[in-house]
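Novice: I have a structure here, written as structure tokens, and I will follow up with some questions on it.
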Amino acid sequence: MLQEAGMIIRSILCLLLLLSIPAGAVDFTTLQGKVLFGYQGWFGCPGSWGGSWVHWARGVPSATNLTVEMYPDLKEFAVQDLCVAGSLTINGSPAYFYSARNSAIVDRHFKWMMDYGLDGVLVQRFVTGLSGFRSGGDVVLKNIIAASQKYGRAIAVEYDVSGASFTTWANDIKTDWQYLVDSVQITSLPNYLHHKGRPLISVWGIGLLDGNNHPPSIPGDALAFIQWFHTDAPEKYKASFMGGTPAGWRTLNRDARTDPAWLNVYKAMDAVQPWNVGRFADTNAVNGWWHNDLVADKRWLDSTGVLYMPVIFSGFSWSNWNGGPPNQIPRAGGKFVWQQAYNVIGLGIPAIKIAMFDEVDEATAMYKIAATRRDAPDQAYWVTLDADGYQLPTDWYLRLGSCITCELHGWRALSRNIPISADSAWKDSSSCRQITGIAGDFRRNGMSPGFTVTKGTVSFQGLGTVSSLVIYDLKGRELRRLIPVNGKARWDCRDFRGSRSAPGVFLIGVKDRHGPVIKIVSE
């Protein structure tokens, strides 16, 4: 019936039909169904790629001037692609850092994303640094573009308004966006993420009341800014708009500006992405977040047609950079971030941002990290993966990111506990996938269809009163229509011409007796 069809179109994303899917094929046409990482790319050190010491330390690194809390696992990188980390040593030998201006570094990061089946990244672009990025040739951004295309990962620009001018912030972003569209041609890239038929732009800090450091302060200014991207800009600059908002955006309290007119700003967005880093500190508080925020936030956004993309994070600590207690929010071996993901996916929320891929300053990084204290520099304080008493491989959080992605995509059943073991060998992202069982997003919306795969035939069960099941490829092209009998249907993986479909990810839609065919290609 139509109500069931409506529930499916809001939540069902895609269905794994065969195990031999390439690692994490990504649909670049929608934000729906994405797990995206924030990618800072702000680390620098002197070398043939140019640049100076940035974000690792206040000057040449030493035991007393570090601004990072975690040490990246650099064993896969050639020494010539790294910088000697000042006076720091590891077991008496030189320690190293890297520069994102070096294309080899960024290339490896995006290869990891492909290897672990991650969808892609929101590329952080600070408004206070825009003129410098452009005058410096946007080296890091161009490295990101090249690597993301090479490995088939989605990218979208996310501006950060922290510290930006309250007078010029909007024009600064518009000018830069026009430069990216015209000179970099970023929205013409085949892997640039789109949503609702337009390129996606994200702006972080909208509505955030944090020392009055995030413009704008007037909700009408924010509305006019969003309207420019939706309707007022010349056609080639128009975009779908995601706002990186405070955690208290809906209730207009805690870290949020309090004028009720801000609710109209959030309603005007195409996606809302609340910033939750540091807002809770253990799994009990994570469950409080579910009770106090997630459920009501989703209900509010569903009623307005705005996509919900909560931010989850692995832990937090910045004692070297800004003070505070060491290991301030422990990772608990991954249980902390996993509980967040479980709560989000269990509600049928269609997208997640994970903060961050490479953020070792605040110890939220999800890429490969030093596993033990002896793997990090001898000097200073470091949060290593054994900080909470767990023995974990350096890629543990990439593995968890892979499994979170699989569960959001519906490629495996939702698991309350981490579904993989640190002791188990990791082959690739198929280690997190299942090819039989109940499709999670269906199940969480009052239906209980399952699917099984046997020798290239997909059998669906539990389709209820749905009168037509439609199979699409990721470009939205119809491949086949199936007529369920007694709630069951069978697909032989052939299209309507009789040609056998290659293994891959497919979208499914339904046709009710009284309703139209629904293509599940966006919300």
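Novice: Which of the aspartates and glutamates could a cross-linker bridge to Lys174, judged by Cα under 20 Å and excluding same-chain residues fewer than eight apart?
Specialist: Counting by Cα, and skipping residues close in sequence, Lys174 has these aspartates and glutamates nearby: Asp138, Glu158, Asp160, Asp182, Asp221, Asp232, Glu235, Asp270.
Novice: Mind jotting down the three principal axis lengths of region 285-332 based on Cα atoms? Whole angstrom, largest first.
Specialist: 43, 20, 15
Novice: What would the Debye formula give as log10 I(q)/I(0) at q = 0.21 Å⁻¹ for the alpha-carbon point model of region 190-339, no solvent?
Specialist: Cα-only, vacuum Debye calculation for region 190-339: -1.31.
Novice: Then there's this: In what sequence, highest mean first, do 221-232, 200-211 appear when ranked by Cβ atoms within 10 angstrom?
Specialist: So the order, starting with the most tightly packed, is 200-211, 221-232.
Novice: Rank-order 288-297, 100-109, 373-382 by packing density, defined as the average count of other C-beta atoms within 10 Å over each peptide's residues, highest first.
Specialist: 100-109, 373-382, 288-297
Novice: About its Cα centre, how strong a charge dipole does region 70-185 have in debye, to the nearest 20, once Lys and Arg get +1 and Asp and Glu get -1 at the Cβ?
Specialist: That gives a dipole near 160 debye.
Novice: Relative to the compact globular guide of 2.2 N^0.38 Å, what is the alpha carbon radius of gyration of region 210-290, as a ratio?
Specialist: Relative to the 2.2 N^0.38 Å estimate, region 210-290 comes out at 1.25.
Novice: Arrange the peptides 114-126, 246-258 so that the one whose residues have, on average, the most other Cβ atoms within 10 Å appears first.
Specialist: 114-126, 246-258
Novice: Give me log10 I(q)/I(0) at q = 0.09, 0.14 Å⁻¹ for region 292-422, Debye formula, one equal scatterer per alpha-carbon, no solvent.
Specialist: Rounded to two decimals, the profile gives -0.29, -0.66.
Novice: Net charge near Trp262, counting Lys/Arg +1 and Asp/Glu -1 over other residues with Cβ under 15 Å of its Cβ?
Specialist: -1
Novice: Can you tell me the length gained on complete extension of the stretch Thr251 to Ala104, counting 0.36 nm per residue apart and subtracting the Cα distance?
Specialist: Contour length minus Cα-Cα distance gives 48.5 nm.
Novice: Going 7 Å from the Cα of Asn212 toward and past its Cβ, which residues in region 155-183 have a backbone nitrogen under 15 Å from where you end up?
Specialist: Answer for region 155-183: 163-167.
Novice: Related question: At 37 °C and 0.692 mPa s, what whole-number value in µm²/s does Stokes-Einstein give for the translational diffusion of region 315-376, with Rh from the Kirkwood sum over Cα pairs?
Specialist: Calculated translational D: 252 µm²/s.
Taken together, the values in this text are just the output of simple stated rules run on the coordinates, not laboratory data. It should be emphasised that the depicted structure is a prediction, and the values quoted were computed from it without experimental measurement. FYI the Cβ positions are ideal-geometry reconstructions off the backbone, even for glycines, and counts take in every protein chain you see.
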